[in-house]
Amino acid sequence: MRNKFNVLFAFLLVVIFISFCATISLSQVTDKDGNTYKTVTIGTQEWTAENLKVEHYRNGDVIPQVQDKEQWKKLTTGAWCYYESSTENGTTYGKLYNWYAVNDSRGLAPEGWHIPSDAEWTTLIEFLGGSKDAGEKIKSTELWKDIKWATNESGFSAIPGGLCDENYNYKFIGKHACFWSSTSNNTVASWIREMHNNLKDVKRDTFHKRYGLSVRCIKD
């Protein structure tokens, strides 16, 4: 009897696992440059499961790469950089965009997608149990240094691309994953979500609009 119960229990675990995996979409989306991204369905939302790498807005206009510190410090229009100007970092972690690129009316996200609002980020976090626990379920189990509390249960696969601040200083690669929302807080700052290597939660904060951060997209 016990053996039959164990077999049944194991079967149920397999069914649950398959059902959970089915929520991780095997679909993909393609950006203006032909880069493809895995997507994941979490609750009622579909997200890209990789950081954005596009170099053109949806209308074909170029998003400039800025590598000059003095120029970056004065930006009020869209731009991107690689962490420490390294294309290798870009290949691994994607591009770091300022908020002006996120907010540009020409469209940063692929067709049919957009940059998530602060409210849409909140929906994701609440579905995964709230800000105190969601970070563990969002963080990838790869690329992080000294990682704690990372299961990637959601399939979101947040990776620690670090950031470039408003003064063109690079920080926290391997330890922080920082993502823009499309929601402005005031004339100089916008809402972001941030995950740390040694914390379980997802932090909500505001950063200067000239910061360079990773970007994820959500389906319209």
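Side notes on the structure shown:
- Estimated at 0.36 nm per residue, the fully extended path between residue 126 and residue 169 surpasses their Cα-Cα distance by 12.3 nm.
- Per-residue ellipticity at 222 nm from helix content only, as computed over the chain with -39500 (n - 2.57) for each DSSP H run of at least four residues, stands at -6500 deg cm²/dmol.
- Look at the Cα gyration tensor of the stretch 93-145: its axes a ≥ b ≥ c give a/c of at least 1.5 with a/b at or below b/c, and that counts as oblate.
- Members of 69/175; 69/209; 95/175; 38/171; 38/145; 53/137 lying beyond 19 Å, as alpha-carbon distances in this model show: 69/175; 38/171; 38/145; 53/137
- Nearest-ten-degree value, helix 2-22 long axis tilted from longest Cα axis of the chain: 20
- In terms of the mean number of neighbouring beta-carbon atoms within 10 Å, the peptides 166-174, 205-213, 69-77 order highest first as 205-213, 166-174, 69-77.
- Protection-proxy order for peptides 114-127, 32-45, each taking the mean of Cβ atoms within 10 Å per residue, highest first: 114-127, 32-45
- Calculated log₁₀ intensity ratio I(q)/I(0) where the Debye formula runs over C-alpha points of the stretch 26-219, q = 0.11, 0.16, 0.18, 0.19 Å⁻¹: -0.42, -0.96, -1.25, -1.41
Any read-out appearing in this document is the output of simple, stated calculations on the displayed coordinates, not a laboratory observation. Just so you know, these numbers come straight off a predicted model, no measurement behind them. Backbone-built Cβ (ideal geometry, glycine too); neighbour counts: all protein chains shown.
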